[in-house]
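> My questions will all concern the structure given below.
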Amino acid sequence: MVARGLSRRANARASVEAARVCILIGVNDNASGTRHRVVVVGGGFGGLATVRGLRTAPVEVTLVDRRNFHLFQPLAYQVATGALSPAEIAAPLRAVLKRQANARVVLAEVTGFDLERREVQLADTAAGGTGTLGYDTLVVAGGSRYSYFGHDEWRDGAPELKSLEGALEIRSRILGAFEAAELETDEAKRTSWLTFVVVGAGPTGVEMAGQIAELARETLHSDFRSIDTRTARVLLVEAVDRVLAGFPERLSRKAAEALRHLGVTPLVDHTVVDVAAGSVAVRRRNGEVERIDTHTVIWAAGVTASELAAKLAAASGAELDQVIDRAGRVTVNDDLTIAGHPEVFALGDMVRVRAGDGEARALPGLAPVAMQQGRYAAHAIERRLRGEPGRPFRYVDKGNLATIGRSKAVADIKGIQVAGFPAWVIWLTVHLFYLIGFQNRLLVLLRWTISFLTRGRGARMIGERG
């Protein structure tokens, strides 16, 4: 009876909250009638940094996201390989902002913008309706997704690592491949199940390939009876001539050596030309095409901006071919505002910034860039409210990090190149520092410690597919 009473009260609270959301998105007027309204679209690194940067400002902040959590995307590959659980890298947005009195969260899908009326158009809200949300200042941080270079039909055969859903799908495919190989009696078919192809040798691809190799060689080798998981092939396909092309060549060589030591085969100067059921085709630089039999292809190559970039550009009245580049990024001024609309900021992976010389440049698609831009936008809004002049955004490059496997990483920090165990410690420290939530930091540190001591992975569940 107590349980039923609690359930009824919980349902009542949920109904009230749903009604609140429905009311909120239908109201365009300032709730208090006095405070400046800031709407932030996107609860990723940039959007969350903006909201938190405004915690002491005399504004009302509304954060809009289609998911109710912030994902620490740099660790998604560890969910995909069973090293971490989803909840350990995801923090509920309401919990993150519960102590920020001037911030509220709306669960909704942004479908468009009316910049003249200063409204954000919403759909698929928690209440199941549609509506608009008015603003005085708008910050759009829609992020990006992986690009399949015009072959979106490959998406089903080669899931990506930009989302929690993608990470869970990949985990099921990787672990399911070992299970299928255990039952397979045909040697050629078994080999195809034990072949894993990672497309893209940037930090995410390198980290993913290294983790699959460690999973096969260190974690699973004593779990199966009919197969030797250590015979698994892990292929890392990269179109350019080296892995980690954004790093100095010395660190790229170090990373390639570490990958080979783990059992990963880097296929540089190889381009994917087809992804089919049970195989992937790659073309070498000399034009020869090789078809690789595999049931597990993971996509980590290239990104394209969120569709919100094009919607924002169209709403501004600009010619899309003038402000949208090939990767779908919208061009913003040096203060991160949309041309002709100083009240609209756009930031993160979905923008390129026009510098003082008039040339638009895309910054690296990294979390530190989005966080710096988010903090900048918050400070810019506060300066405007105080009547102070604006300043152009300046990105401070803090370096690049990539982990290859257990005790192996590379780091390029302000020209200082570090490899091996010291770089791995730096990588661990930085990622723990930026992870949202004390509880998540503690749990991840505990998981990493246990994994380091036992070489085990405690989140090896296979979810339903299809």
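The values are calculated or read from the model by the stated rules, or taken from the named source; none is laboratory data. Just so it is clear, the model here is predicted, and its values are computed rather than measured. Note that each Cβ is placed from the backbone with ideal geometry, even for glycine, and that neighbours are counted across all protein chains shown.
> Here are the criteria: (1) farther than 18 Å from Leu244 by Cα; (2) surrounded by 24 or more Cβ atoms within 10 Å (Cβ to Cβ); (3) free of Cβ contacts under 8 Å to residues at least 60 places away in the same chain. Tell me which single one Ala209 does not satisfy.
Against the list (1) farther than 18 Å from Leu244 by Cα; (2) surrounded by 24 or more Cβ atoms within 10 Å (Cβ to Cβ); (3) free of Cβ contacts under 8 Å to residues at least 60 places away in the same chain, Ala209 comes up short only on (1).
> Could you check segment 212-227 and list, in sequence order, the residues that are surrounded by fewer than 23 Cβ atoms within 10 Å (Cβ to Cβ) and without any contact (Cβ under 8 Å) to a residue 60 or more places away in the chain?
The answer is Arg217, Leu220, His221, Ser222, Asp223, Phe224, Arg225, Ser226, Ile227.
> Quick one: how many residues across segment 200-234 are more than 17 Å from Lys162 (Cα to Cα), out of contact with any Asp or Glu (no Cβ under 6 Å at 6 or more places or on another chain) and not hydrophobic (A, V, I, L, M, F, W, C)?
14
> Same structure, new question: Restricting segment 184-206 to residues that are of a type outside the set (Val, Ile, Thr) and within 26 Å of the chain's Cα centre (by Cα), which is surrounded by the fewest Cβ atoms within 10 Å (Cβ to Cβ)?
Selected residue: Gly202.
> Looking at this structure, is Ala327 touching a residue at least 40 places away in the same chain (Cβ under 8 Å), more than 20 Å from Gly43 (Cα to Cα) and within 17 Å of the chain's Cα centre (by Cα)?
Criteria met by Ala327.
> With (1) closer than 20 Å to Phe69 by Cβ; (2) in contact (Cβ under 8 Å) with a residue 60 or more places away in the chain as the list, and Leu93 as the residue in question, which single condition is left unmet?
So Leu93 meets the others, but not (2).
> Continuing with the same structure: Can you tell me which of Arg441, Arg391, Arg460 is in contact (Cβ under 8 Å) with a residue 12 or more places away in the chain and within 30 Å of Asp223 (Cα to Cα)?
Unique residue meeting the criteria: Arg460.
> If a residue has to be in contact (Cβ under 8 Å) with a residue 24 or more places away in the chain, surrounded by fewer than 23 Cβ atoms within 10 Å (Cβ to Cβ) and not in a strand (DSSP E or B) to count, how many in segment 54-71 make the cut?
6
> What number of residues within segment 17-60 are β-branched (Val, Ile, Thr), within 25 Å of Leu164 (Cβ to Cβ) and at pLDDT 50 or above?
Adding up the residues that qualify gives 5.
Residues checked against (1) at pLDDT below 95; (2) surrounded by fewer than 16 Cβ atoms within 10 Å (Cβ to Cβ); (3) not basic (Lys, Arg):
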residue: Ala258; (1), (2), (3): no, no, yes
residue: Ala277; (1), (2), (3): yes, yes, yes
residue: Val280; (1), (2), (3): no, no, yes
residue: Arg283; (1), (2), (3): no, no, no
residue: Val289; (1), (2), (3): no, yes, yes
residue: Val297; (1), (2), (3): no, no, yes
residue: Thr304; (1), (2), (3): yes, no, yes
residue: Gly317; (1), (2), (3): yes, yes, yes
residue: Val323; (1), (2), (3): yes, no, yes
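> Taking Phe433, is it surrounded by fewer than 20 Cβ atoms within 10 Å (Cβ to Cβ), modelled with pLDDT under 90 and either assigned to a helix (DSSP H, G or I) or not basic (Lys, Arg) (or both)?
no
> Mind listing just one residue for me: the one in segment 362-413 that is of a type in the set (Lys, Arg) and in a helix (DSSP H, G or I) and, of those, surrounded by the fewest Cβ atoms within 10 Å (Cβ to Cβ)?
Across segment 362-413, the extreme among qualifying residues is Arg383.
> Looking at this structure, is Arg354 of a type outside the set (Phe, Trp, Tyr), surrounded by fewer than 17 Cβ atoms within 10 Å (Cβ to Cβ) and over 25 Å from Thr204 (Cβ atoms)?
For Arg354, the condition - of a type outside the set (Phe, Trp, Tyr), surrounded by fewer than 17 Cβ atoms within 10 Å (Cβ to Cβ) and over 25 Å from Thr204 (Cβ atoms) - is not met.
> Can you pull out the residues in segment 290-335 that are of a type in the set (Ser, Thr, Tyr) and over 30 Å from Ala188 (Cβ atoms)?
Thr304, Ser306, Ser316, Thr331
> Next up: Would segment 294-302 turn up any residue that is within 30 Å of Leu138 (Cβ to Cβ) and out of contact with any Asp or Glu (no Cβ under 6 Å at 6 or more places or on another chain)?
For segment 294-302, residues within 30 Å of Leu138 (Cβ to Cβ) and out of contact with any Asp or Glu (no Cβ under 6 Å at 6 or more places or on another chain): present.
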